[in-house]
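Visitor: Let me begin by handing over the structure; questions about it come next.
The values are calculated or read from the model by the stated rules, or taken from the named source; none is laboratory data. Not measured: the values here are computed from a predicted model. As a convention, Cβ positions derive from the backbone with ideal geometry for all residues, glycine included, and neighbour counts pool all protein chains shown.
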């Protein structure tokens with residue numbers, strides 16, 4: 001029984017990245033931001049930044065929740081960028097004579113559709129994930145700045161952000177929003 005649950009969990013874990021590639025949603029973009037931040041910051045800094053419970057084990061969920069609004073903006077911005085690219089009369093000239101549909105193409109999920117019907121979706125996915133990558137780098141830079149500030153002058157840090165478990169997270173939020 002226990003072995004079958006582990007197998008099911010492993011298969012589900014493998015399918016999650018595939019599902020994220022298939023549809024660009026704010027949740028998938030927020031998830032990507034947090035995965036990139038975790039990789040860039042390391043588990044300790046990431047947990048200190050986002051974790052709010054006693055063991056800091058809820059850090060990933062808190063990160064996704066915090067970044068969901070930004071991710072919605074990223075997806076909306078990506079849609080606007082792609083609409084502008086589709087409407088750009090000079091697109092082909094700027095892309096070696098290729099049309100929007102030829103540049104962004106399609107993917108294997110477009111069964112039963114024309115060769116280039118998924119180009120807009122691929123464009124949105126690419127643009128949204130690029131914006132998410134920039135957001136993750138900004139958050140990581142903010143976390144590093146805050147950790148340096150905390151180490152350099154703990155008293156000043158405490159005065160500005162408090163001494164609670166969420167002080168580092170408050171600093172990161174304030175620092176990344178100001179950039």
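Visitor: Do we find that residue 172 is in contact with a helix residue (DSSP H, G or I) (Cβ under 6 Å, 6 or more places away or on another chain), over 17 Å from residue 73 (Cα atoms) and either at pLDDT 85 or above or in a helix (DSSP H, G or I) (or both) in this structure?
Guide: Considered against the rule, which asks whether it is in contact with a helix residue (DSSP H, G or I) (Cβ under 6 Å, 6 or more places away or on another chain), over 17 Å from residue 73 (Cα atoms) and either at pLDDT 85 or above or in a helix (DSSP H, G or I) (or both), residue 172 comes out as yes.
Visitor: Give the number of residues within the stretch 139-173 that are under 25 Å from the mean Cα position of the chain (by Cα) and over 25 Å from residue 55 (Cβ atoms).
Guide: 3
Visitor: Suppose the filter is buried (at least 19 other Cβ atoms within 10 Å of the Cβ) and in contact with a helix residue (DSSP H, G or I) (Cβ under 8 Å, 6 or more places away or on another chain); does residue 158 pass it?
Guide: No: the conditions fail for residue 158.
Visitor: Also, I was wondering about something else. Can you give me the number of residues within the stretch 67-105 that are touching a helix residue (DSSP H, G or I) at 6+ places or on another chain (Cβ under 7 Å), farther than 16 Å from residue 122 by Cα and without any contact (Cβ under 8 Å) to a residue 24 or more places away in the chain?
Guide: 2
Visitor: Looking for whichever is within 28 Å of the chain's Cα centre (by Cα) and either at pLDDT 90 or above or outside any helix (DSSP H, G or I) (or both) here; the options are 132, 110. Which one fits?
Guide: 110
Visitor: Please determine, by comparing only the residues of the stretch 55-94 that are outside any helix (DSSP H, G or I) and surrounded by 14 or more Cβ atoms within 10 Å (Cβ to Cβ), which one is farthest from the chain's Cα centre (by Cα).
Guide: Top of the filtered list is 56.
Visitor: Ok, one more. Which pairs have Cβ atoms under 9 Å, sit 6 or more apart or on different chains, and link a residue in the stretch 42-54 that is on the phi < 0 side of the Ramachandran plot and in a loop (DSSP other than H, G, I, E, B) to one that is modelled with pLDDT under 85 and surrounded by fewer than 20 Cβ atoms within 10 Å (Cβ to Cβ)?
Guide: Close Cβ pairs (under 9 Å, with a partner that is modelled with pLDDT under 85 and surrounded by fewer than 20 Cβ atoms within 10 Å (Cβ to Cβ)) amount to 51/57; 51/165; 51/166; 52/165; 52/166; 53/165; 54/165.
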